[in-house]
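Where a number appears in this text, it was derived from the coordinates with a stated rule and is not lab data. Because the structure is predicted, anything quoted here is derived from the model rather than measured. Here the Cβ is made from the backbone with ideal geometry for all residues, glycine too, and neighbour counts use every protein chain on show.
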Amino acid sequence: MGTKLVIRERILPSMVNLGSSPLPPPTRVHITCGREGDSCRTVVKVGDKVKRGQIVAECSGKNGLVYRSSISGTVVQLGTIANYLGKQVNNVTIENDGSDEAEFLNVNKSGSMGPEQIYELLRSAGLVISNRGNGAGHATFPLLSEGIKTIIINGCIGQPFFPAVLSPLKDYCEDFLSGLKILIRLYSPAKLIVAVPESQKTAVAMIKSAEASLAELEVIAAPWSPMLSEDKYLISLLCGVNLKSGQLPAEEGFLVISPFVVLAAANAITRGEPHISQIVSLVGTAITNPGNYVVPIGTPIGEVLQHAGLQNEKLAKVVVGTPLTGIAVARTDLPVASGVAGIIAFSQNELYSPVNNPCIRCGRCTENCPEGLLPMKIGTYAAFSKWDRAKEEGLGRCTECGLCAYVCPASRPLVQLVQLAKQQIS
Amino acid sequence: MAATENVGKSPSGLLLLSAAPHVHCGLTVNKIVLTTLLSLLPAVLFAVYLYGFEAVRIIVVCMGVAVGTEALIQKLRNKPITVSDGTAALTGLILAFTLSPALPTWMAVIGAFVAIALGKHAFGGLGANPFNPALVGKVFLVTSFFSPMTKWISPVNSQPVSSPLEMWAAKQQVPGYQELLLGNFGGFLGEAVVLPLIFGGIALVVLGYVDWRMPAAFLGTVFTLTNFLGQDPVWHLLAGGLVFAAFYLAGDPVTTPYTKKGRWAFGIGAGIILVVIRQWGGYPEGVAYAILLMNGLTPLINKYLRPKRSGVTRHA
């Protein structure tokens, strides 16, 4: 059936040429800290006054993550808060006091900094530094001074839904280029590839004009594929190198990094600004002003939506992430975390839930599966609790991109079944 | 954590929580069935034009009994009645196209009943049947009532005639292309109304409801083999309901392979079987058997002919 790649590039209302606008300061922020396995401790107490950019929590270890407040105010609560999946994570809540006093990083402006100093500065800014390069996906600066031959800036995250990812290229082009130069200084790669969706002509043009100034820079306009958010697929698509199972990109000399952290690195080094805000695309028909907004990390989702013109009566669902792979959140007082590229506010009439009609074996799911799997088979095995059979069918290779369920005429909950099976196996 | 007031909520106060994906392409089984039925409308109208009331009778009876049987069975099993998805009606119509317009009504009733009860629901309902339900009904009728099932009438004067393939098997003068296309001969409904079926079938392929590989493989194989055997390949494509089978019987998603390679295999296999039956087999017409035999092989085809892997592995 001729239904290959049926996703129209604009499922959601488009906002192609909007720049990014700042938000008014939030009333409070929740700084969530500590990832799985980190030992993170807070360095403030309830009642402390903090400045914007001040450290509120720190993880132990030489490369421990640093968490900074994104507003100035008073610490009102320490404890835990639910993340988008409902799990409790450590949290510091700061109430805005309106003073907007800021703290900046200690940047050694005189002379150039060696790599050690740069890493320390980036870590201090709140970015992820990791020994092996497998920290926070493409938000990590690995501590490898050698061995990185190709750096790929993944401008295709969350495409084609969220222009925010391209904002660093379009709206902050100069700073972005500084960020690229920092990467070059740290890793001395042979090539620096910026991958941009080929449909985003303005961004492609803007960054291509910089190709002349940086010898290593190469801009690749990639045709859309749902797998472009996955590092390994990006490497395979752009460079033709297929990583084996269990192999890290760094082992083949690759580093995949997101435009957001490149910009954050530039801001940290050139201006001493810590990484405390995130460019987020707000889309959906339940808000009247969709667009890219510069959101202080930790701002409650509800406040962000309100500033984007939320129509309360119309709001029926809030999804953090792309419409195909995002997470629906239960409460709008949850904070916008670092790395969130887009939030969708669905109205009532846009809602879709799977119906779980019987599979008619039409084959559309497998036709659209980027991995070449048989989702209908995996789904049916999972539905009948045959987890091992599902695993044999290639359960582990499913990246939950959501295309199979998107095209299924029987509206089967294929992704959910896969998630269920994966849970049961582990 | 103090429960701060939810800023922004729906009229009921609650936000919908569901797993990804949060959007859908909008295609439903209903839409597929409806489009297929619409694509058959020109063929239905043409059949009525050729055979008048007899065609109407057969079509109405088959569709009605099919829908009624499904409703009855689902009610007896205490399951929700799903006739509104249109799949039973479509099966009934396809069955009607495999029958002679001269078939007694009570036989058509039996055929439709068997098609739905045995061909579909005995296996578990929609999506669960390995064999094409309409063909299950038709073959049941052919086996039980061979003579009435092969009684063809002329559209002109309703007199008994032989079908083109019977004439061919008996080495008689056969209708030419024009007659085949315009239905001016006796045969089952699907073999008579070739021209509208060609349009309908191509429309389904263009709209993306039938994979082009299936009719291409089926028709291509028959063309090549009959040519190789020294027969007139175009004549064989137009005769015997092959066009109907290639688009509407082989285009049934439930009973045919769901991978691209699988569809090639199905089409080629059905083509080979059909030519063998026509050339050397005992029955003059073989599309039903060709399709049913390949339906039987479909699970095997699905098991072994899989899509290509992407080539990139991730953490298992």
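Data overview
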item	result
Relative contact order (%) - chain A, alpha-carbon pairs under 8 angstrom, separation at least six	16 percent
Evaluated over the stretch A:246-353, the Cα radius of gyration and Dmax, each in Å	16.3, 52
Theoretical FRET efficiency, 1/(1+(r/R0)^6), r = Cβ-Cβ of B:ASN30 and B:TYR283, R0 35 Å, to 0.05	0.45
Proxy reagent accessibility, fewest Cβ within 10 Å first, across B:ARG278, A:ARG271	A:ARG271, B:ARG278
Dmax and Rg, reported as Rg then Dmax, of the stretch A:127-271 (C-alpha, Å)	13.8, 40
Centroid-to-centroid separation of the stretch A:270-337 and the stretch A:370-426 [C-alpha atoms, Å]	30 Å
Calculated from backbone phi, Karplus (6.51, -1.76, 1.60) coupling profile of the stretch A:259-274 in Hz, x at Gly/Pro	x, 4, 6, 4, 5, 4, 4, 4, 4, 5, 6, 7, 10, x, 8, x
Using distinct alpha-carbon pairs, which all enter the 1/r mean, Kirkwood radius of the stretch B:88-165 in Å	13.0 Å
Theoretical FRET efficiency, 1/(1+(r/R0)^6), r = Cβ-Cβ of B:VAL60 and A:GLU116, R0 60 Å, to 0.05	0.10
Dipole of the stretch B:30-302, positive direction: furthest Cα of B:ALA192, B:PRO130, B:THR105, with charges on the beta-carbon	B:PRO130
Rounded Å value of the spacing that divides the Cα centres of the stretch B:230-262 and the stretch A:90-129	68 Å
Normalised convex hull volume, the stretch A:153-192, alpha-carbon set, Å³ per residue	64 Å³
Intensity falloff of the stretch B:101-247 expressed as log10 I(q)/I(0), Debye formula with alpha-carbon point scatterers, at q = 0.08, 0.13 Å⁻¹	-0.26, -0.70
Residue order, fewest to most surrounding Cβ atoms within 10 angstrom, among A:ILE184, A:ILE297	A:ILE184, A:ILE297
Length gained when the stretch B:ASN184-B:ALA71 is fully extended (0.36 nm per residue, less Cα-Cα span)	36.9 nm
Using alpha-carbon coordinates, inclination of helix A:115-125 to the longest axis of chain A, degrees	80 degrees
Distance histogram in 10 Å bins (all Cα pairs of chain A, percent per bin)	4, 20, 30, 28, 14, 3, 0
The protein assembly as shown: antiparallel DSSP beta bridges as a percent of all, rounded to 5	60 percent
Order of A:PHE254, A:PHE104 under a 10 Å beta carbon neighbour criterion, fewest first	A:PHE104, A:PHE254
Volume per residue that the Cα convex hull of chain B spans, once the total is divided by residue count, Å³	192 Å³
Cβ-based net charge around A:CYS359, under 13 Å, with every Lys or Arg adding one and every Asp or Glu removing one	+4
Paired Rg and Dmax values of the protein assembly as shown, which use every Cα atom, in angstrom	32.0, 105
Most mobile listed residue (B:PRO175, B:PRO80, B:PRO196) in chain B, GNM with C-alpha springs under 10 Å	B:PRO80
Across B:LYS151/B:LYS171; A:LYS87/A:LYS422; A:LYS45/A:LYS181; A:LYS87/A:LYS244; A:LYS87/A:LYS201; A:LYS87/A:LYS317, pairs whose alpha-carbon gap is larger than 28 Å	A:LYS45/A:LYS181; A:LYS87/A:LYS244; A:LYS87/A:LYS201
Crossing angle, helix B:87-97 versus chain B [Cα axis fit, 0-90 degrees, rounded to tens]	10 degrees
Dipole magnitude (debye, nearest 20) for the protein assembly as shown, charges at Cβ of Lys, Arg, Asp, Glu	1260 debye
FRET efficiency, 1/(1 + (r/R0)^6) with R0 30 Å, evaluated for A:SER353 and A:THR270 via beta carbons	0.05
Rounded tilt (10° steps) of B:29-51 against the dominant C-alpha axis of chain B	20 degrees
Mean Cβ neighbour count within 10 Å, used as a protection proxy, ranking A:338-346, A:390-398, B:259-267 highest first	A:338-346, B:259-267, A:390-398
Over the protein assembly as shown: helical MRE at 222 nm, DSSP H runs n ≥ 4 each giving -39500 (n - 2.57), nearest 500	-11500 deg cm²/dmol
Within the stretch B:220-259, backbone nitrogen closer than 16 Å to the virtual label 7 Å beyond the Cα of B:GLN172 toward Cβ	B:240
Of A:PRO375, A:PRO22, A:PRO168, the one that fluctuates the most in a GNM where chain A has Cα springs shorter than 10 Å	A:PRO22
Semi-axis lengths, Å, the stretch A:172-242, gyration tensor of Cα atoms, sqrt of 5 times eigenvalues	20, 16, 10
Convex hull volume per residue in cubic angstrom - Cα atoms of the stretch B:27-132	90 Å³
Label-to-label distance, nm, for residues given as B:VAL109 and A:VAL294 (7 Å Cα→Cβ offset)	8.0 nm
Gain upon complete extension [A:ASP100, A:GLN311; 0.36 nm per residue less C-alpha separation]	73.0 nm
Kirkwood Rh and Cα Rg combined as Rg/Rh, the stretch A:233-304	1.13
Under 14 Å, Cβ to Cβ, from B:LEU242 - net charge with Lys/Arg +1 and Asp/Glu -1	-2
Calculated log₁₀ intensity ratio I(q)/I(0) where the Debye formula runs over C-alpha points of the stretch A:364-425, q = 0.12 Å⁻¹	-0.21
